[in-house]
Each structure stands twice: as C-alpha cells, then as structure tokens.
1. Which of (1) within 21 Å of residue B:142 (Cβ to Cβ); (2) modelled with pLDDT under 95 does residue A:33 not meet, given it meets every other one?
2. What number of residues within the stretch A:69-103 are within 14 Å of chain B (Cβ to nearest Cβ), surrounded by 13 or more Cβ atoms within 10 Å (Cβ to Cβ), assigned to a helix (DSSP H, G or I) and not hydrophobic (A, V, I, L, M, F, W, C)?
3. Looking only at the stretch B:58-82, count how many residues are more than 17 Å from residue B:98 (Cα to Cα) and touching a residue at least 24 places away in the same chain (Cβ under 8 Å).
4. Check residue A:154 against each of (1) more than 30 Å from residue A:76 (Cα to Cα); (2) within 14 Å of chain B (Cβ to nearest Cβ) and name the one condition it does not meet.
5. Only one residue in B:63, B:87, B:7 is touching a Gly at 6+ places or on another chain (Cβ under 9 Å), farther than 27 Å from residue A:28 by Cα and not charged (D, E, K, R). Which one?
6. Across the stretch A:104-116, which residue is farthest from residue A:38 (Cα to Cα) among those that are of a type outside the set (Val, Ile, Thr) and buried (at least 17 other Cβ atoms within 10 Å of the Cβ)?
7. Could you say which residue among B:55, B:50, B:69, B:45 is within 16 Å of residue B:20 (Cα to Cα), charged (D, E, K, R) and either touching a Gly at 6+ places or on another chain (Cβ under 9 Å) or assigned to a helix (DSSP H, G or I) (or both)?
8. Against the condition among the aliphatic types (A, V, I, L, M), in contact (Cβ under 8 Å) with a residue 24 or more places away in the chain and either crowded, with 23+ Cβ neighbours inside 10 Å or within 12 Å of chain B (Cβ to nearest Cβ) (or both), how does residue A:55 come out, does it pass?
Amino acid sequence: MNLYDWLLFLHVTGAFFLLGGIVIAGILNLAAITKNRPPSQVASLYGLIRFAVPLIGAGLLLTLVIGLWLVHEADYGYGDAWVVTAIVLWVVASVLGNIDGKYQRKTGDLAQRLAAEGDAPSSELRARLRAPQALAISYASGLMAFAVLGIMIWKPGA
Amino acid sequence: MLAIVRPDSWNLPLFLHVLGATLTFGATATVALLGFAGLRGDPERAIWLRGLAFRIGGYVLVPAFILMRGGAQWIADKEYPGGAKTPGWLDVGFIVTEPGAILVIVMLILAWFAARRPSFRGAVAVPWLASIYLVALGIAWFAMSAKPGS
C-alpha cells in the first residue's frame, strides 16, 4: 500500500464518519418530530444525537484535510471545477450544520427542562421541533454533504 | 497520475453502493445507540427505545443494506464480468455483506422480541451485534478504499 492508498482510506473514513453522523442525527431528529412525543422522549432522543456530533466533527476534518492532500497527491488541480464546487458545498454545509446544531441544542435543553417540570405536552417544544426554517437548514446541510459524495464520484470536468 | 480513472458507466452503481454503505453505517450506529439506551431506565422507556431500534432496523437499515449490496453487485458485474476472478479486497466486501445479512436478520429478530418483553434477556445482544457489524463495515471500507494486496 502506498501513500495514496492510505490517504484514500482516511478520506473515505472521514466521509463515513460525516455522512454516518448526519444519518444518525437525521433519523433521531425525524423520530422526535414525527409524533407528538412527551418532552422526556424528545430529551432522550436529543441526548442520543450528541453521540453523532464528534463523528460529524471528525468527518468534516478528515474529509477536508485529507481531501486537499489527495488533490495534490493525485495531481488534480486546486482550481478544478469539481474540487472548488466540493469545497464550497463543504463550507456551506458546515456553516448550516453549525447553525442547526446550536438550534437543536437549545431544543434539547428545552425538552429536558420540560421533562423535569412534569413532562406535560408543550406547544413551544412542538413549534421548535417543527419550525420550517430550522428543518430547511437542517436538511439542506445534510443534502449538501451527500451532494459532495456525488461530486467525489462523478468528478465533473475532471 | 495516481488516481484510478474508471469508465463513466461505473459511476452510478458506485454512487448507489457508497450511498447505501453510508446509510447502513448510520442506521446500524443508530440501532446500537438506541439498543444500549434501551437496556437502562424504567421498563416503559426501555420498551419504547427498543421498539424504535427495531423499526429503524426494518425501515432504514434493511433498505440501506439492500442498496449497498445491490450497488456492489451491479459494479462488480461491470468490473469483473462473466465470472472473472475477483480480487481479495472485493471478496472482503462480500464476506462482510453475506454473513452480515444473517447477522442483521438475527439482530432484527432479537430486537422484535426485545421490543415486546422488558425482561427479554436477548435484548442485550442487539446493540452488541450492531456494534460488531459496525466494525465489519469498517473493515469493508478499508478493503474497498485502500485495496490492500492489489
């Protein structure tokens, strides 16, 4: 195995961490919003989402750093359209993911507080869980990450 | 140029295979998380979490696994047509998916029972089987990406 093989393995590992983490967070988020769950159940699901966060963070770091190294190692150009597009999507997905992460953390905190205060159904929690703008940011971020996967495979213009 | 240039016609099956693999990884990890969480706490909460683990296994993991395995077969048929000898790294993928399918089925059966009976002892096996499968998936993506021995 040469350097390229190792770099590719680490890059793919980063992609699995990133996309796998997004899938975990997405599934648990969907499970929280699809039914009118009591705050304690929402808090439990959001408590599990936190395990996806380090996975997503490690994935973001590995995909970018090793990806840029691979561009050099495989003699692609940093100005190639597919490389630039992938980096732009990576940055936008990261920014949206960060905004979404902060929003979800506050929702999780609210669910935990409501659970401790009697676990009564809350319209405020329901509204936060189903806020269209927040959902749009969340799913746009995830879809962009999967779009980068497509760009990595098709490499348009390469 | 070190990068391997592959025919354009391989891109779609490869994309579907990798998409399926990432979804399988995420869904398996979710089943493991819910399974471990469902081993603790009051019986009502445990049953709810185990039921969720079972449904995610059925509705997300199984379709993702089929997408991963179907994509793998599609691209393998293009790359090694007519029963041509396959390299070791590809065989590793088949080893992970074929016995892996049995592992997933056993895990889902146990998850189904675990979601019905709080005292079901086999409930503890569900998250551990999911964890074992995560390690197997890691071995497969090492073989698929680094292609050792090729």
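1. Result: residue A:33 passes all but (1).
2. So the count comes out to 1.
3. 4
4. Result: residue A:154 passes all but (1).
5. Details: B:63 fails: farther than 27 Å from residue A:28 by Cα; B:7 fails: touching a Gly at 6+ places or on another chain (Cβ under 9 Å).
The match here is B:87.
6. Taking the candidates together, the pick is A:104.
7. Criteria check complete, one pass: B:69.
8. When the stated conditions are applied, residue A:55 passes them.
The values are calculated or read from the model by the stated rules, or taken from the named source; none is laboratory data. Note that this is a predicted model, so its numbers are computed, not measured. FYI the Cβ positions are ideal-geometry reconstructions off the backbone, even for glycines, and counts take in every protein chain you see.
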